[in-house]
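Undergrad: My questions all concern the structure below.
Only the coordinates and a few stated rules stand behind these numbers; no lab work does. Since the structure is predicted, the reported quantities are computational estimates derived from the model, not experimental observations. Positions of Cβ are backbone-derived with ideal geometry, glycine not excepted, and every protein chain shown enters the neighbour counts.
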Amino acid sequence: MSGPLIVQSDKTLLLEVDHELAAECRRAIAPFAELERAPEHMHTYRVTPLALWNARAAGHDAEQVVDAFVKYSRYPVPHSLLVDIAETMDRYGRLRLLAHPVHGLVLNALDQAVLEEVVRARKIKPMLGERVEPDTVPVHPSERGNLKQALLKLGWPAEDLAGYVDGEAHPIELAQDGWELRGYQREAAESFDAGGSGVVVLPCGAGKTIVGAAAMALAGATTLILVTNTVSVHQWRSELLRRTSLTEDEIGEYSGTRKEIRPVTIATYQVMAARRKGVHTHLELFEARDWGLVVYDEVHLLPAPIFRMTADLQARRRLGLTATLVREDGREGDVFSLIGPKRYDAPWKEMENQGWIAPADCVEVRVTLTESERLAYATADPGERYRFCASTDAKTEVVRELVRRHEDEQVLVIGSYIDQLDEVGAALDAPVIKGETRVGERERLFDAFRSGELRTLVVSKVANFSIDLPEAAVAIQISGSFGSRQEEAQRLGRVLRPKSDGRAARFYAVVARDTLDQDYAAHRQRFLAEQGYAYRIADADDVVAGREV
Amino acid sequence: MSDDAEPVARRDPERAPTYTSWLRGLSDTELGALFIVRPDLVNPVPAGIAALAARATAKPTVVRALDRLDRFSLQVLEGLLALGDPLFSGPPAGTDRAALAAALDVRGPLLDTTLDRLRTAALVWDDGGTLRPISVLRGILDRPAGLGPPLVALLSVQSLERLNRLAADLGLSAGYADGDPAARIASELTRRSRLDALLAEAGESARPVLDRLVWGPSHGSVTNARREVSLASAASPIDRLLALGLIVATDEHTVALPREVALHLRGGRLFSRTASIPPRLDGPAHDLASAGRAAAGQAFTVVRVVEELLEDWAGNPPGVLRNGGLGVRDLRRAARTLDTDEPTAAVLLEITYAAGLIAADGEVDGEWLPTGEYDIWRAHGPARRWVWLAEAWLRSPRVASLSGQKDARGRARNVLGEGLERRSAPETRLDVLRALARASEATAPTPEAVAEYLAWLRPRRQGTAFADLVRGTLDEAATLGLTGRGVLVPYARALLPERNAGAAAPTGAEGAAAASLLASQLPEPLDHFLLQGDLTAVAPGPLLPPLARELALAADVESTGGATVYRFSAASVRRALDAGRGADELVGLLERHSTTPVPQPLRYLVTDVARRHGRLRVGTASSYLRCDDPAVLDELLSDRRAADLLLFPLAPTVIASRLNRPVLLDRLTELGYHAVPEATDGTMQLNRPETRRAAARASVSELAEPDPPGPELRAAAVRAIRAGDEAATAVRHPIDSPDAEQPRSPVAATTAALAAAAAEGRRVWIGYLDTEGIAGSSIVEPAKVDGGFLTAYDTTRAAVRRFAVHRITGVASLGGEPASS
């Protein structure tokens, strides 16, 4: 009665991290449960039909899942839950998509009753031809993706064994000079290659780009890479140049400003999804070459139009890269049926233990508005309220003290309001980089910062998108609300890399008490805590008074 | 009324024994045993042995008793009827054990134990060495062992002409000169040697006809069955069989094979296969420990979700439909709360109802609300709560799976509504569970095996409704956690009462045993939880109820199951403060019960909310706002968004509003100022929502069979019947009027006789008129006579009573106790 795992009725699993069997249990449940939250003591995993089908696709069976429950569960697991899991898992693979020597693409059923059920479904009927055998029915090749999507919605996900086209060959080598593919990165690339299509799940900072490069090397074919934004395009490009044998001429950028099509082409979701007069104008990119591999970066952010286009790409190998399978729009099922099942998932905690990723130490410093400021805040125009509270003068004093405390470390001060940044820059006697700063000046300052000649740098929002932003040991955020929670984590991860001496990076957020600023901070706090980052709150008075925070 | 029961009962050793006299001769223990297996006989208690005999032979109760017999017992009983009722009129003559054993082809003690059971149930009685079935059985089991009527019965309804011709063909005398021709022919045909000869005479060609009738059905269709036939004119095999009396016409189209002929053809065997051995209960074997854990997990889940649902209903009760049930939409909602599908939700709701935890509130627009008993239920630990539910399920005649179906008049049956009762449901549930218990430990009998076994156990109950009930019981047992992976687990076994222990329904002892077995499998309630930086608290098991309530007040429950996850938010902390908790108190609670340090952001959250909580107070006079901090009011007054609040300052610390209080409160909250209402004396008015309860407990239908009486009840029933019997059969010696010199009224004589009886401790029989003027009689032990009243122990009613002396119409001494005058 003392296992580390507690099964909840909503099919979430709670794993007690400090339990002696925790590591063993994590390995046992990882194939069929998605890590949802990882605060300090109890990690939450979720068992969904998709997660179970992912496990099935990876060759696990229901017996294994039930055994893991029985072995590690602290309390008796309700019988109905076990039955439900076994039944759900059993649904995957009853239907298979095969390449038939005579009829081409066919839907084949191991269980004829299931086939009878699905061929009668109104949405599925038009995608199928006339039955050729009692358990086999041809599928219109163009419907391969749509059929998988529709079958998943009916709860009978099909296993796609119909194979892939090879695409136009293009040799790509990894250039391992001065760096080496990490063990888990190699495993991820290889298990993707064995599976043909699917998703690799790695935490932020674990080097997903390198896994992509390794997969491209294994495929040895022309590759289309779809990424979230232009910054990512540049990142991918420089990483590929650094890590592979690819040269500048072989890599094309397909974005709002440039439209190059090369053996390896990097495009943004935005440009692909762009429409003019209701028509996707850049659809031809998919047909422009005989792509051997399509890579989807940050697959959890894949927009709906790309899903539709992907449905037509089912004969090509597809690699999805992401830190999480959880989508804010709930379209996890489309990722499963159109990109493919999960092929690799690294144990987050183990990567942290091995030092590949490091959690940051987060501190929220609260300043109090003066009475006159509160009055002004209350009377402020709703659109200006955030700006007002976020750029209170009280923050300057705090920032000065924080910078003083870390005078031996590289400190970045990040904010979104230019007036405020100028003021802080003046107070710290540090240079400010903002939109109007010229490129040459910017590069000079960045270099000085990297070399350690310059200890403190104040940057505006533009730095968020600047790919060559230097890494720092300490970041102080004084204003700027973020969009989605994932975006925040990525930005944070970009600034804060593990330190060579193993020290945790420090992230300060200075917020104004009892204002919108604090409300936004609460969201950030929850997300960071769930990601396993330590989070504390400190009073500005304590900071200024020099007390330990 | 059966002729087994004597209309006037007298104890007379000279008379031939009767059913009634046999009953009277039973010991108190034997009578008690009868009442265990046939509880309906003492409900109400009959007036005496004669009344008991009459009731025990009434058709409905006998049918009920037969319905409980297994296939073998029924075969034994049919055998007794087949062999022991050759005349088909009057009380069956009976047969002896040896003949029965031979005809059934069973050896060993099995037959005796079965006969004992039939005797215990008073379906069969002993007359010397003869076993006699009660005669009402003849009408109920009209074709025992698939046999047709006896010869006498068949022949006695034939025309005299037919009988004469038959007699002639058999070489017997015709007419009534030598007695009843039917009896004469019958006794001739019963002789084995004669039968063999006649069968030979009928010829080989008649064999197929006989073969079709011999193992039943005993009747066959033939055109012109009442044809004129004689041996001489017989043309077909059927003609010959009719002519020889080997088959007999029963109407124009039907012939029957007489019982004696069929038995002879069967070689004296009653059944081709005697079902003395019940079918095996086979199925896959499972690890008992893991089955037990799965079942206990299910049991724990049921208890938890039921509580969750009723907590939800307390605040947000669903309406009662006009026909008394629960609407489909509310069922769907309940299924969501219970985290299950609708059929399972219906099962759980019906169990909750049967357990008396919910009831329809009796208002015009009724609502389903938890009852006061729910609070008692909730005070128990999870194991006892489960036993409460499981016992209610075992006893409930309501069948949840009938909901959603249409009744005979085409109306849909609703959950918790009418038309879901099935009288046999409790018994069937017990049968199914006992069948599972019969299987060897850790074996999960397949549903098919269980169905087959029950077909043997209750052969008279078969049908689709019964099969559905069996199937449903297996499903419900799994839902409730009585079985895990199909295995009946030890704590559920403990819940089953011993078969003949005197009570078919669980008593406290079984419940306590089951609860303690279950409790050892369930998680212990905890007094601690873990606090985490993402502002959640995880209780890694069930919390002690007071702690769970406090925590649920200060944090929102995010997920439940083996553990409970709570999330703290500004709103939840404010709720705790609204309920009167202080910030220090709250943090103290967390510090005391958390096994991990209280995360610093959580402390900040509590103090932040507390700092702002109650800072603003709103009054009703004409609606005012006041605050000790003038800046706050200034802030509010200058807030543009507050323009529509119609605020105007009264003093630096007071603002009034023209809005009424609720609207003002709402609007302030929208604007982010969390104000609290204020009472007229200036204190804060804090409140939390009241939980609601129904006034009375549910009256779950009492359609169920009466429970077998317990030992005291049985003893009392035996005593009452005996006393009644004594009163009815007592030999009385009326008291002579004393021939004294001075005149004495009869009342004086009565008083004297009663006083004398009281002094000597004798029992007397009295007649009296009650206050309604109705005459009655009792056997009493007089204790004292004074003030015109007799105080006496009334043996008929087993109670001390007072009789007015002037209402006593006569006094008689009892037989063997001569009256003193």
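Undergrad: Report, in degrees rounded to the nearest 10, the 0 to 90 angle that the Cα long axis of helix B:661-671 makes with the longest principal axis of chain B.
TA: 70 degrees
Undergrad: A further question follows. Under the definition of partner shielding as Cβ atoms of other protein chains within 10 Å of a residue Cβ, what is the mean value for peptide A:42-51?
TA: Mean partner shielding for this stretch: 2.
Undergrad: Determine ³J(HN,Hα), in whole Hz, for all residues of the stretch B:186-193 in sequence, where each value follows from phi through the Karplus function 6.51 cos²θ - 1.76 cosθ + 1.60 and θ = phi - 60°; x replaces Gly and Pro.
TA: The phi angles translate into 4, 5, 5, 6, 7, 5, 4, 5 Hz.
Undergrad: Read phi for every residue in the stretch B:127-140 and hand back ³J(HN,Hα) as whole Hz from Karplus 6.51 cos²θ - 1.76 cosθ + 1.60, θ = phi - 60°, with x for Gly and Pro.
TA: Once θ is set to phi - 60°, the couplings for the stretch B:127-140 become 10, x, x, 9, 9, 10, x, 6, 6, 4, 4, 4, x, 7 Hz.
Undergrad: Looking only at other chains, what is the average number of their beta-carbon atoms within 10 angstrom of each beta-carbon in B:292-301?
TA: Across B:292-301, the average partner-chain Cβ count within 10 Å equals 6.
Undergrad: On a straight-distance basis, which lysines could pair with residue A:434 in a cross-link, Cα separation under 25 angstrom, same-chain partners fewer than 8 positions away excluded?
TA: Qualifying lysines at Cα under 25 Å: A:395, A:461.
Undergrad: Now a separate question. Would you mind computing, in nm to one decimal, how far apart the modelled labels at residue A:384 and residue B:47 are, each placed 7 Å from Cα along Cα→Cβ?
TA: For the pair residue A:384/residue B:47, the computed spacing is 10.3 nm.
Undergrad: Further, regarding this structure: Mind sorting B:684, A:127, A:89 by how few other Cβ atoms lie within 10 Å of their own Cβ, fewest first?
TA: Ordered by Cβ neighbours within 10 Å, fewest first: B:684, A:127, A:89.
Undergrad: Follow-up question, since we're still on this one. Treating only the Cβ atoms of Lys and Arg (+1) and Asp and Glu (-1) as charged, compute the dipole magnitude of the stretch B:151-265 about its Cα centre; round to the nearest 20 debye.
TA: 160 debye
Undergrad: For the cross-link pairs A:11/B:406; A:125/A:153; A:259/A:342, which exceed 26 Å when the distance is taken from alpha carbon to alpha carbon?
TA: Distance filter (> 26 Å) returns A:11/B:406; A:259/A:342.
Undergrad: Same structure, new question: Could you state the angle between the C-alpha long axis of helix A:79-90 and the longest principal axis of the C-alpha atoms of chain A, as a value from 0 to 90 degrees rounded to the nearest 10?
TA: For A:79-90 against chain A, the angle is about 70 degrees.
Undergrad: Return P(r) of the protein assembly as shown (all Cα-Cα pairs; 10 Å bins starting at 0; whole %; ordered from short to long distances).
TA: It works out to 1, 7, 10, 13, 14, 13, 11, 8, 7, 6, 5, 3, 1, 0, 0, 0, in whole percents.
Undergrad: Continuing with the same structure: Any chance you could give the angle, 0 to 90 degrees and rounded to 10, that helix A:230-243 forms with the longest Cα principal axis of chain A?
TA: Between the helix axis and the principal axis of chain A, the angle is about 80 degrees.
Undergrad: Here is a further query. Neighbour counts of other C-beta atoms within 10 Å: give me B:535, B:265 arranged from fewest to most.
TA: B:265, B:535
Undergrad: Quick one: putting +1 on the C-beta of Lys and Arg, -1 on the C-beta of Asp and Glu, what dipole do you get for the stretch B:615-677 around its Cα centre, in Debye to the nearest 20?
TA: 200 debye
Undergrad: To the nearest 20 debye, what charge dipole does the stretch B:288-519 have about its Cα centre, counting +1 at the Cβ of each Lys and Arg and -1 at the Cβ of each Asp and Glu?
TA: Charge dipole, the stretch B:288-519, about its Cα centre: 740 debye, nearest 20.
Undergrad: Eigenvalues of the Cα gyration tensor times 5, then square-rooted: what semi-axes does that give for the stretch A:95-160, in whole angstrom, largest first?
TA: Semi-axes (√(5λ), whole Å): 15, 13, 11.
Undergrad: In the stretch B:377-474, what GluC sites (Glu not before Pro) fall in a loop by DSSP, with at most 15 other Cβ atoms inside 10 Å?
TA: Filter output for the stretch B:377-474: B:418, B:441.
Undergrad: Go through B:37, B:403, B:351 and say which Cα lies farthest out towards the positive end of the charge dipole of the protein assembly as shown; charges sit on Cβ, +1 for Lys and Arg, -1 for Asp and Glu.
TA: My answer, from the dipole projection, is B:37.
Undergrad: How much FRET efficiency would the formula 1/(1 + (r/R0)^6) give for residue A:419 and residue A:536, where r is the Cβ-Cβ distance and R0 is 35 Å, rounded to 0.05?
TA: In this case the efficiency is close to 0.75.
Undergrad: On to the next question. To the nearest 0.05, what FRET efficiency results for residue A:191 and residue B:211 with a Förster distance of 60 Å applied to their C-beta separation?
TA: The value I calculate is 0.25.
Undergrad: Per residue of the stretch A:406-413, what does 6.51 cos²θ - 1.76 cosθ + 1.60 with θ = phi - 60° give for ³J(HN,Hα)? Whole Hz please, x for Gly and Pro, Karplus curve as stated.
TA: For the stretch A:406-413, the Karplus curve yields 10, 5, 8, 10, 7, 10, 10, 10 Hz.
Undergrad: Listed highest first by mean packing, meaning other Cβ atoms within 10 Å per residue, what order do A:129-135, A:110-116, B:651-657 come in?
TA: Ranked from most to least packed, the peptides come out as B:651-657, A:110-116, A:129-135.
Undergrad: Quick one, what does Rg over Rh come out to for the stretch B:185-279 if you take C-alpha atoms and the Kirkwood Rh?
TA: That ratio equals 1.01.
Undergrad: Once amide H atoms are placed 1.01 Å from N in the peptide plane, what residues at a sequence separation of 5 or more from residue B:275, or on another chain, have their amide H within under 5 Å of its amide H?
TA: Correct list: empty.
Undergrad: May I pose another question? Which of the three applies to the stretch A:182-315, rounded, prolate or oblate, going by the alpha-carbon gyration tensor with a ≥ b ≥ c and a/c under 1.5 meaning rounded?
TA: The shape class here is prolate.
Undergrad: If you don't mind, there's one more thing I want to ask. Do you know the relative contact order of chain B, to the nearest whole percent, from alpha carbon pairs under 8 angstrom that are 6+ apart?
TA: RCO, chain B: 11 percent.
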